[in-house]
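Student: I am attaching a structure below and will ask some questions about it afterwards.
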Amino acid sequence: MALPSYDEIHLPLLKLILNNSVNRLKEAVEILAKEFGLTDEELNERVPSGGRKFYYQVSFSLMLLTRAGLIFKGIKPFRTTDSARKVIAQNPNKITKRCLDDLANDRQVKKIKKEKDLEEKRLLNSYNEYLQKLKGINETYFEHVTGLVLSRVYNIDFISNVEITPPNNDGGIDGIIHLGEGEESKVYFEAKRKKDRPIPSSFLRDFTGALVARKATTGYYVTTTRYTNEAIRFVEKLRDPYININITLIDGHKLVELIFKYNLENEVIPIKQ
């Protein structure tokens, strides 16, 4: 009898580890050699590098089974995973390398997704912690933070191109972004720092009135909280061609995302007002 092919070894090796306590690869080689009825001559068959071919085959199979997530890595005695039990429960005639490669690829995809989910969760927690700190700053400083973030959005200089209006007489506008010299190049914003309650549609109506009074069509409303559904629908209606007022809503989570995107987190929070 000739040596078995690589694909003929995977299933017997998996079953061997499932049903027996195997501490070393040598033990698995010896047991499988008897199971396959190999002669001394066959067991002495060598690979070009000089090693025994059957030992090499079993070692390679063990590596593939481990990579496919059917055998735990680095545990002695060798142990099969729940995935291995499910595979064997299907009573296959053979486990091929292609099958093991597919399982390994699926496992890698799941691993990448899990790592991505964990990173997104970590980032979300970081954003939430930062947002709580942002809610603690005063209104005046929050207006400056909003102007700073929007200056990065438009890639302009904050000091030269962003005007913060006087707090006692701002006419419903907290700041103006100057993109050019004409009136039509001005973008207006309102910054509302709140700890919990969402921004209602009445606030957006007031801001819209302020824009209309200045014959403006573009504005930003920025808050540390969120917007009611009515407020969101109100802003969407303003985009009608007959009205043509474009107000961008930035809630707390979006604001923090922008702060981190433009690497402003250490510039914003450490400054206490």
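The values are calculated or read from the model by the stated rules, or taken from the named source; none is laboratory data. Just so it is clear, the structure is predicted and the values come from calculations on it, not from any experiment. Here Cβ is always computed from backbone atoms with ideal geometry, including for glycine, and neighbour counts include all displayed protein chains. Accessible surface areas use protein heavy atoms only, side chains included; no ligands, DNA or RNA. Shrake-Rupley method; radii C 1.70, N 1.55, O 1.52, S 1.80 Å.
Student: Take the residues in region 165-201 that are touching a Phe, Trp or Tyr at 6+ places or on another chain (Cβ under 9 Å) and of a type in the set (Gly, Ala, Ser), then tell me which one is nearest to TYR130 (Cα to Cα).
Tutor: Filtering first and then ranking leaves ALA191.
Student: Scanning region 217-273 for residues that are without any contact (Cβ under 8 Å) to a residue 24 or more places away in the chain and surrounded by 14 or more Cβ atoms within 10 Å (Cβ to Cβ), which turns out farthest from VAL162 (Cα to Cα)?
Tutor: ILE232
Student: Still on this structure, please answer the following. Only one residue in LEU148, LEU179, LEU123 is surrounded by 12 or more Cβ atoms within 10 Å (Cβ to Cβ) and in contact with a Leu (Cβ under 8 Å, 6 or more places away or on another chain). Which one?
Tutor: LEU148
Student: Right, something else. THR225 versus (1) assigned to a loop (DSSP other than H, G, I, E, B); (2) farther than 27 Å from GLY136 by Cβ: which is the lone unmet condition?
Tutor: (2)
Student: I'd like to verify a number: residues in region 67-87 that are under 14 Å from LYS15 (Cβ atoms) and in contact with a Ser or Thr (Cβ under 8 Å, 6 or more places away or on another chain), how many?
Tutor: 2
Student: Given the structure, is ALA84 farther than 30 Å from GLY209 by Cα, loosely packed, with under 13 Cβ neighbours inside 10 Å and of a type in the set (Gly, Ala, Ser)?
Tutor: The answer is no for ALA84.
Student: A further question on this structure: Which residues, taken from region 194-216, are crowded, with 17+ Cβ neighbours inside 10 Å and among the aliphatic types (A, V, I, L, M)?
Tutor: ILE199, LEU204, ALA210, LEU211, ALA216
Student: Also, I was wondering about something else. Do the conditions hold for VAL109, that is, is it open to solvent by less than 80 Å² (accessible area, probe 1.4 Å) and either under 30 Å from LEU11 (Cβ atoms) or of a type in the set (A, V, I, L, M) (or both)?
Tutor: Taking the combined requirement at face value, the residue does not satisfy it.
Student: ILE31 passes all but one of (1) without any contact (Cβ under 8 Å) to a residue 12 or more places away in the chain; (2) touching a helix residue (DSSP H, G or I) at 6+ places or on another chain (Cβ under 7 Å); (3) closer than 25 Å to VAL87 by Cα; which number fails?
Tutor: Answer for ILE31: the failing condition is (1).
Student: Considering region 1-19 alone, what residues qualify as being free of Cβ contacts under 8 Å to residues at least 40 places away in the same chain and either open to solvent by 30 Å² or more (accessible area, probe 1.4 Å) or among the hydrophobic types (A, V, I, L, M, F, W, C) (or both)? Spell out how you get there, then give the answer.
Tutor: Keep residues of region 1-19 that are free of Cβ contacts under 8 Å to residues at least 40 places away in the same chain, which gives 5, 12, 16, 19.
Listed by number, the residues that qualify are SER5, LEU16, ASN19.
Student: Given the conditions (1) over 17 Å from ILE259 (Cβ atoms); (2) open to solvent by 40 Å² or more (accessible area, probe 1.4 Å); (3) not acidic (Asp, Glu), report the number of the one that VAL187 does not fulfil.
Tutor: Going through (1) over 17 Å from ILE259 (Cβ atoms); (2) open to solvent by 40 Å² or more (accessible area, probe 1.4 Å); (3) not acidic (Asp, Glu) one by one, VAL187 breaks only (2).
Student: Would you pick out the residues in region 159-171 that are within 21 Å of THR248 (Cβ to Cβ) and either under 38 Å from the mean Cα position of the chain (by Cα) or touching a residue at least 40 places away in the same chain (Cβ under 8 Å) (or both)?
Tutor: ASN161, VAL162, GLU163, ILE164, GLY171 - these are the residues of region 159-171 that are within 21 Å of THR248 (Cβ to Cβ) and either under 38 Å from the mean Cα position of the chain (by Cα) or touching a residue at least 40 places away in the same chain (Cβ under 8 Å) (or both).
Student: With respect to TYR154, determine if the residue is under 26 Å from ARG205 (Cα atoms), aromatic (Phe, Trp, Tyr), under 27 Å from the mean Cα position of the chain (by Cα) and open to solvent by 30 Å² or more (accessible area, probe 1.4 Å).
Tutor: Taking the combined requirement at face value, the residue satisfies it.
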